[in-house]
Amino acid sequence: MLFVSLENLITEALNLPMHAIAYNVSQGLAALFPRKAVVETQGYLFDLEEFARHNQCRLEPGPYSFNQIETLWPGDDSRLEEQANNAWYRVDWEGFGLDVLTLSWDGSYHYWILADIKEIAETFLTSVCEWNEEVRSDSEVLVFDNSHWSKDEELLKAIRGSTFDNLVLENNLGGAILGDLERFFSSKELYATYGLPWKRGVLLVGPPGNGKTHAVKALVNSLKQPCLYIKSFKGERGTEEWRIRRVFTRARKIAPCIIVLEDLDSLLTPKNRSFFLNELDGFATNNGILTLATTNYPEKLDPAITQRPSRFDRKYHFELPGEPTRAIYLDRWNTRLQPELRLSETGIASVAGLTAGFSFAYLKELLVSSMMGWIDRQPGQTMDELMTGQVVALREQMASPANSPQEALESEDDE
């Protein structure tokens, strides 16, 4: 029976060395289904369940094998989710009937699409991947890492929770940047009237821990444009040039949009810099693309990047907070604490004066460590006294880069 033969094929294949599994499955399917075209694929974007959940196709459990379905609890109030680890599906898509075998091993998923002719299987593969790659306005974020695009729900959640209302910056810097970029996205016709390319490059510069990461998320949240978030140009597939081209090609396809390049100095190398600049300059049109980059170390960037207005035409400096800004930051935290944990008004002013040179990350560390220290405080010790002593301890820590909290906290939403 076909049922037994296919079950045996899958069971025997999954017991083989990992490098031999895919070959043996492909060979076996070709023998079991000689009248079908078989197309093998793998990758994050061939998310068949997501495609079906949005009514792009209809799935039915296939008759040929046992379907191993994992039920996932998302950890919040969302509904339970099902994910096929090893399964056979009958697929109804645009009037065509196809079969899809899903197998997983070593943390990766592999798929075999069976159709009457190869063209149908390949068109279906393309449709699923293109649909999953699409960025639907500000409701999704597409992340590029290790040569692949994927959607990051955790990053999207962090973006939605980020605003300039919960970020303290010097001189209303956040409002100035947001106003500038809102005008850019609303001025397409004005740019065209004066024959100017409708593109922008903005570089956020400053030492770690002063709110650049939070500002990027707040901007993406406020501007309501599709976002491509680039984690790395390194990867297992293709060359770095190929990967950089993929990023900009995708951006041009969905523009207007935002490309986020955090820690630009770590993304660029002497080998890929020239090609990156060619894509940024837009030998192909970059209309409607905002390139939003950050760096802690502008001195590591080539002058061709930092000193050419046509590339990053605006640079915003995120400096260490001055005493008035530190006082605002401390007061904002203070109002959220339980009464017994709060600084007095005099204490806020005193601590703000004592923390010259502290970044927002260090101020956050000061507050958190003081709250923890409150539990073991000396009898009768006030939070004013405890936090003043903690300032001294943190100053000693600041002198030791190996123990610095700034790099770790820069990845958080510094308020």
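Quick note: the coordinates plus some simple rules give every number you see, no bench work behind them. Quantities reported herein were computed from a predicted structural model and do not represent experimental measurements. Neighbour counts are summed over all protein chains in view; Cβ atoms, including those assigned to glycine, are modelled from backbone coordinates with ideal geometry.
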- request: May I ask for the distance between the Cα centers of the range 11-72 and the range 272-349, given as a whole number of Å?
  value: 46 Å
Spread of Cα-to-Cα distances over 10 Å intervals beginning at zero, given as percent, for the range 141-317: 9, 39, 39, 12, 0
- prompt: Going by how many other beta carbons lie within 10 Å of each one, how would you line up Arg237, Arg200, Arg395, Arg35, fewest first?
  reply: Arg35, Arg237, Arg395, Arg200
query: What list of whole percents do you get for P(r) of the range 323-410, with Cα-Cα distances grouped in 5 Å bins up to the one holding the largest distance?
result: 3, 14, 28, 26, 18, 9, 2, 0
statement: the chain: relative contact order from alpha carbon pairs under 8 Å, six or more residues apart, as a whole percent, is 14 percent
statement: Taking Tyr229, Tyr191, Tyr111 and counting other beta carbon atoms within 10 angstrom, the fewest-first order is Tyr191, Tyr111, Tyr229
- line: Note on the range 139-251, DSSP bridge orientation, antiparallel percent to nearest 5 equals 50 percent
statement: Least to most buried among Glu182, Glu365, Glu133, by other C-beta atoms within 10 Å and fewest first, runs Glu182, Glu133, Glu365
message: Could you check the spin-label model distance between Ser310 and Arg395? Points 7 Å from the Cα along Cα→Cβ, value in nm.
response: 5.1 nm
- request: Largest first and in whole Å, give the semi-axes of the chain's equivalent ellipsoid, each being the square root of 5 times a Cα gyration tensor eigenvalue.
  value: 49, 29, 19
